[in-house]
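No lab work stands behind these numbers, since they all come straight from the coordinates. Everything numeric here is computed off the predicted structure, so don't read it as measured data. Every residue, glycine as well, gets a Cβ built from its backbone with ideal geometry; the counts of neighbours run over all protein chains shown.
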Amino acid sequence: MSSKKPDGEERARPDPRSPFSALEKLREHLPAGQAPQAAPQIVRGPARAVVRLERKHRRGKEVTVVEKLGLSESELERWCRELKQALGCGGAVEDGVIILQGDLRPRVPALLTARGVAKVTTSG
């Protein structure tokens, strides 16, 4: 058995016994494809965010507070909803900050960075 591979010219010719050889002839009649699209724009989020843990006035329950985003109320609601879905937790927007249930400090900074936040500070 020969392990000799065919030349590039031999590979370019379709096998006449192949059921797909007739399709090769139709290639010339196909319309041109779509032009490649420009690279997607980078999503720019807020300049910074502070992520901290809070227990006070919550009967011992831990919550993660995301603050100093500088977004409008509707944007905060949308970000809160998307963070809750990504983290699998509950949460709300109160007084211009996002409050997420549980200690999520290790996981939240990566999500905020992916959303375009330039600097994420974790404290607490």
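Here is how the numbers come out for the structure above:
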| item | result |
| --- | --- |
| Cα-based radius of gyration of region 54-124 once divided by 2.2 N^0.38 Å, which approximates compact folds | 1.03 |
| GNM top mover of Leu69, Leu30, Leu100 - the chain, alpha-carbon springs below 10 Å | Leu30 |
| Max mean-square fluctuation residue, GNM over the chain, Cα-Cα springs under 10 Å, options Glu82, Glu73, Glu28 | Glu28 |
| For peptides 87-94, 61-68, sequence by mean Cβ density within 10 Å, most packed first | 61-68, 87-94 |
| Rg followed by Dmax, in Å, when the chain is reduced to its Cα trace | 27.5, 80 |
| Point-charge dipole on Cβ atoms (K/R +1, D/E -1) for the chain, about Cα centre, debye to 20 | 480 |
